[in-house]
Amino acid sequence: MSPEGVAAGPMVPAQFTVAAKRRHTADTWTLELEPPPGERSQFVPGQFTMLSAFGAGEVPISISGDPADEGRLVHTVRAVGAATRAICAAREGQVLQVRGPFGRPWPVQEVAGADVLILAGGIGLPPLRPAILALLSDRARYGRLRLLYGSRSPEQLLYPEEIEQWSAHGLEVELTVDSAGPEWLGHVGVVPRLVHRAELDAQATVAMLCGPEVMMRFAVAALLERGIDAGRVYVSMERNMQCGIGHCGHCQLGPTLVCRDGPVYSWSALERWLAIREL
Ligand SMILES: Cc1cc2nc3c(=O)[nH]c(=O)nc-3n(C[C@H](O)[C@H](O)[C@H](O)COP(=O)(O)OP(=O)(O)OC[C@H]3O[C@@H](n4cnc5c(N)ncnc54)[C@H](O)[C@@H]3O)c2cc1C
């Protein structure tokens, strides 16, 4: 799998084999997929594949593995409907269909020297994981690195052990949940509230966000209020996608196609279109 897609063309899926599988929550799994012989799984942080289990529909799923590792392709998937349920139900040894990788990446190299503030909500953390790993692998090139991550409850937080390792390697982490019992020592409330409280240098900060659209809208509003320029705020957008290569038009957002021009956009490129209701 090359960045341009498999040699046969971007519409022809490659056969990847489920090599390992790990359950995170009641409905969310990480699958490690072994490429076909002779293929590598090269990608850049922020890209996605079109993934499917036979007969169950093809859906866009972000790559959540380490971009420095060209071995297995890693996806973290939440089972919400027919296609994602079939992917999450795949057993070790089963073959899944993969097209891609597709899409524009997080600007990890471009933001060297900046403070990077990462905001994630729920299943929005997996699309940011490759960016976090890339930033930490070259820690000295960046200023402050921070993750503000929220989920519905403490049990729903993804990658808890790994988050501790990231923290030990120079990522400042603040976790928040919508509700929790007395044993929870982190924040309670939504991610945008953490933005209001965060100590930050607006001129030096670049933000990268992924999560439910409503969370991103409120979090971006908070970032702009704090004085961060819209051109330094990056979001990963989700829209219904079918082809993944800018042909079918299903993922149109204003004058752009999310599969081709996104999924990562600067807020300054999008804000005009997102201001239009239901677009
Ligand atoms: C670029 C991109 C990257 C993505 N990365 C991931 C990822 O890393 N992990 C992951 O689990 N999912 C990811 N998704 C979302 C995933 O594609 C959808 O969950 C999937 O398409 C749902 O298909 P389905 O047939 O299983 O469910 P459907 O039957 O299509 O939908 C089931 C329910 O989920 C809702 N739904 C469907 N798609 C979305 C969506 N995109 N956003 C919000 N609600 C939706 C539907 O309205 C419905 O209520 C990504 C989407 C995009 C566009």
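The values are calculated or read from the model by the stated rules, or taken from the named source; none is laboratory data. These numbers were taken from a predicted model, which means no experiment stands behind them. When we count neighbours, we look across all protein chains shown, and the Cβ atoms used for this are built from the backbone with ideal geometry, even at glycine. SASA here: full protein model, heavy atoms, side chains in, ligands and nucleic acids out. Shrake-Rupley method; radii C 1.70, N 1.55, O 1.52, S 1.80 Å.
Candidates in segment 241-251 are the residues that are touching a residue at least 24 places away in the same chain (Cβ under 8 Å) and more than 11 Å from the ligand (Cβ to nearest atom); of these, the one that is least open to solvent (accessible area, probe 1.4 Å) is CYS243.
Yes/no per residue for (1) more than 22 Å from MET237 (Cα to Cα); (2) out of contact with any helix residue (DSSP H, G or I) (no Cβ under 6 Å at 6 or more places or on another chain):
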| site | (1), (2) |
| --- | --- |
| SER41 | yes, yes |
| SER52 | no, yes |
| ASP66 | no, no |
| VAL74 | no, yes |
| GLY81 | no, yes |
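Can you name the residue in segment 252-279 that is more than 10 Å from the ligand (Cβ to nearest atom) and in a strand (DSSP E or B) and is also most open to solvent (accessible area, probe 1.4 Å) among such residues?
Only one residue fits best here, namely GLN252.
A residue that is in a helix (DSSP H, G or I) and either more than 11 Å from the ligand (Cβ to nearest atom) or of a type in the set (Ser, Thr, Tyr) (or both) occurs somewhere in segment 231-240. Every condition in (1) within 16 Å of the ligand (Cβ to nearest atom); (2) open to solvent by 10 Å² or more (accessible area, probe 1.4 Å) is met by MET208 except one, and the failing one is (2). Pairs meeting the criteria (first residue in segment 213-237 and free of Cβ contacts under 8 Å to residues at least 40 places away in the same chain and among the acidic types (Asp, Glu), second residue open to solvent by 70 Å² or more (accessible area, probe 1.4 Å) and more than 14 Å from the ligand (Cβ to nearest atom), beta carbons under 8 Å, at least 6 apart or on different chains) are GLU225/HIS196.
If the condition is being modelled with pLDDT under 95 and either within 16 Å of the ligand (Cβ to nearest atom) or not in a loop (DSSP other than H, G, I, E, B) (or both), then segment 27-42 contributes only SER41. Against the criterion of being open to solvent by 50 Å² or more (accessible area, probe 1.4 Å), in a loop (DSSP other than H, G, I, E, B) and modelled with pLDDT of 95 or more, VAL12 does not qualify.
Summed over segment 61-70, residues that are more than 14 Å from LEU96 (Cβ to Cβ) and within 12 Å of the ligand (Cβ to nearest atom) total 3. Considering the conditions (1) touching a residue at least 12 places away in the same chain (Cβ under 8 Å); (2) of a type outside the set (Asp, Glu); (3) more than 13 Å from the ligand (Cβ to nearest atom); (4) open to solvent by 30 Å² or more (accessible area, probe 1.4 Å), ALA82 is excluded by exactly one of them, (3).
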